[in-house]
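Since the structure comes first, as structure tokens, the remarks are kept for the end.
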Amino acid sequence: MAYIELKNVYKYFNVAGNKIIANDNINLSIDKGQLVIIVGASGAGKTTLLNLIGGMDKLSEGEIIVDDKNLSDMNEKEITKYRRDDVGFVFQFYNLIPNLTSIENVELASEIAKDNMDAYKALDEVGLSNRKDSFPSQLSGGEQQRVAIARAIAKSPKLLLCDEPTGALDYRTGKSILKLLQDTAKNLNTTVIIITHNTAIKDIADKVFELKDGKIVNEYENKNPENVENIEW
Ligand code: ATP
């Protein structure tokens, strides 16, 4: 049984009386510990799909099953618990709290989840224990993203959802963040889903889905994913 399974998933939005089909009959399955890349142009439906899988929005039709649980069958309390305990989120612009230090940003998230990793250990995992008392404004973009990843993995999530995690970073820093995400999937057995415009990074994933106009137009597995060091864009 796959860890994540989407069956005939549709998501519609109603904009000024027009029905927009943001996700159009999505079928996919993802195994535990896989690094997955969902790639597509702007407006392809990537963020919408990530929001559905992360329990941040409700689907219009179909089924999303995570860890044998159908998200549509969960009540508000259960879906909140799922978002809080099982899912970590990483965003393009880090979304750290500016007046809290690195360690405080991480602690805040891990304290509200159960089974959490120690905040210091999480910062250590991302190579930033020496910057634990720095505020976000004192850190580079890459370092801020590392804190954001520490914040997410400190919850010991089963699933890490990353929305353009390297979109605001330079080439070299972006690569180091991708390496960290690849290592997280491998070493912590966390299922990591990255959504991106950047087709050049597809080779690092265990599984790739290409999205166009709300539909999956191509999907494949990489039996031997490329090491991040060996890709270029
Ligand atoms: P980008 O890379 O630019 O973020 P994307 O691939 O993530 O694009 P989505 O943001 O999922 O694409 O958008 C898919 C479609 O759904 C677009 O046409 C968008 O305008 C529409 N859409 C997304 N969210 C909403 C919303 N809350 N209300 C109305 N329409 C929406």
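Annotations for the structure displayed:
- Considering only Ser110, Ala2, Gly17, the residue lying farthest towards the positive end of the dipole of the chain is Gly17, judged by Cα position with unit charges set on Cβ.
- Overall form of the range 32-85 per C-alpha gyration tensor (a/c, 1.5; a/b vs b/c): prolate
- Full-stretch length increase - Asp213, Lys121 - with 0.36 nm per residue and alpha-carbon distance subtracted: 29.0 nm
- Of the trypsin sites (Lys or Arg not before Pro) in the range 65-114, the ones in a loop by DSSP (not H, G, I, E or B) with at most 16 other beta carbons within 10 Å are Lys114.
- Note on the chain: with charges restricted to the Cβ of Lys and Arg (+1) and Asp and Glu (-1), its dipole about the Cα centre is near 220 debye.
- Shape of the range 138-233, Cα gyration tensor, a/c cut at 1.5: prolate
- As a calculated quantity, the FRET efficiency between Asn70 and Arg172 at R0 = 35 Å, using C-beta atoms, amounts to about 0.25.
- Volume of the convex hull of the range 82-182 (Cα atoms only), normalised per residue: 84 Å³.
- Among Ile177, Ile21, Ile153: highest mean-square fluctuation, GNM of the chain, C-alpha pairs under 10 Å: Ile21
- Each eigenvalue of the Cα gyration tensor of the chain, multiplied by 5 and square-rooted, gives one semi-axis; in descending order these are 28, 21, 17 Å.
- Cα-based convex hull, the range 52-123, per residue volume (Å³, whole number): 116
- Taking the convex hull of the alpha carbon positions in the range 88-146 and averaging its projected area over all directions gives 3.8 nm².
- Anisotropy class of the range 27-161 from Cα gyration tensor, a/c 1.5 cut: prolate
- Think of a 1.4 Å ball rolled over the protein heavy atoms: the chain then has 47 Å² of accessible area per residue.
- 222 nm mean residue ellipticity, helices alone, for the chain (DSSP H n ≥ 4; -39,500 (n - 2.57); rounded to 500): -8000 deg cm²/dmol
- Overall size of the range 185-233 from C-alpha positions, given as principal axis extents largest first: 34, 25, 18 Å.
- Carbon and sulfur %, accessible surface of the range 82-152 computed with the full protein complex present, 1.4 Å: 48
The values are calculated or read from the model by the stated rules, or taken from the named source; none is laboratory data. Computed from a predicted model, the values in this text were never measured in an experiment. Methodologically, a virtual Cβ is constructed for each residue, glycine included, from the backbone with ideal geometry; neighbour enumeration extends over all protein chains shown. Side chains are part of the model used for accessible areas, which takes the heavy atoms of the whole protein and leaves out ligands, DNA and RNA. Shrake-Rupley method; radii C 1.70, N 1.55, O 1.52, S 1.80 Å.
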